[in-house]
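Read through the structure below, which is laid out as C-alpha cells, and then see the notes.
None of the figures in this text is laboratory data; all of them are computed from the coordinates on show. Being a predicted model, the structure only gives us computed values, none of them experimental. Cβ coordinates were reconstructed from backbone atoms using ideal geometry, including for glycine residues, and neighbour counts include every protein chain displayed.
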Amino acid sequence: MIVWACQGMKKMIILLILSVLLIGCYQQGSNPATGDNNATAGGGAQTGGGSSGSGGASGAGSTTVRISGFAFDPAELTVKQGDTVVWVNEDSVPHTIKMGSAFESSQMGKGDSAEHTFTETPGEYPYSCAIHPSMHGKIIVVAG
C-alpha cells in the first residue's frame, strides 16, 4: 500500500514539473506590459493573415514559409532579389524569425505572420527562431 502511494506521488510531481515547464516555455516571448503578441518586421511589413500570393512591389513575387511542428517548411528557399517571404506560424506555440541584423520579427502566435522583402545583396541568409534556437532555415537570394 505504501509503495503504491509513493508511485502515485512520483507521477504527480512529474506532471507538476512538466506543467510548469510548458507554461514557462509558452510565456517566454510574451510582453505582458504591452499585450503585444503580433509579429512586427524590422525592414518588412506586418501582415495579419496566413495567406500570400504573387505580387508585391514592382511585380516581385511572394512566397510563404510555413512554421509547423517546430520546423520551417521549406527549410531552404531560393528567391529573387526584391521578392517577399511571408512566414506563417501554424504551431500552437509562439515563434519568431531572427536573421542577423537584416530582419527580426516579434513573437508570432498561431495564425500570425511576418514578412520581409529581400532587397539585400544576393547571397545566403540563415535564420532561426529566437525562442527555439534549434529551428533553422535559410533564404538564398539570387539576382532579380
For ALA102 and LYS138 in the same chain, what is the full-extension length gain: residue separation times 0.36 nm, less their Cα-Cα distance, in nm?
-> 11.7 nm
Diffing the stretch 124-141: the Karplus 3J(HN,Hα) column from phi (6.51, -1.76, 1.60, θ = phi - 60°), in whole Hz with x for Gly and Pro, holds 9, 10, x, 9, 8, 9, 5, 7, 10, x, 6, 8, 10, x, 8, 10, 10, 9
May I ask you to compute the full-extension gain from SER68 to GLU124, defined as 0.36 nm times their residue separation minus their alpha-carbon distance, rounded to one decimal in nm?
-> 17.9 nm
If each K or R counts +1 and each D or E counts -1, the residues other than ALA143 whose Cβ falls under 15 Å of its Cβ total -2
If VAL79, VAL93, VAL85 are placed from fewest to most neighbouring beta carbons inside 10 Å, the sequence is VAL93, VAL79, VAL85
LYS110: which aspartates and glutamates have alpha carbons under 19 Å from its alpha carbon, excluding same-chain residues fewer than 8 sequence positions away?
-> ASP36, ASP73, GLU90, ASP91
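Between GLU76 and SER92, what length in nm is gained on full extension when 0.36 nm per residue of separation is reduced by their alpha carbon distance?
Full-extension gain reported as 3.5 nm.
What's the magnitude of the charge dipole for the stretch 46-142 around its Cα centre, counting Lys and Arg as +1 and Asp and Glu as -1 at the beta-carbon? Answer in Debye, nearest 20.
20 debye
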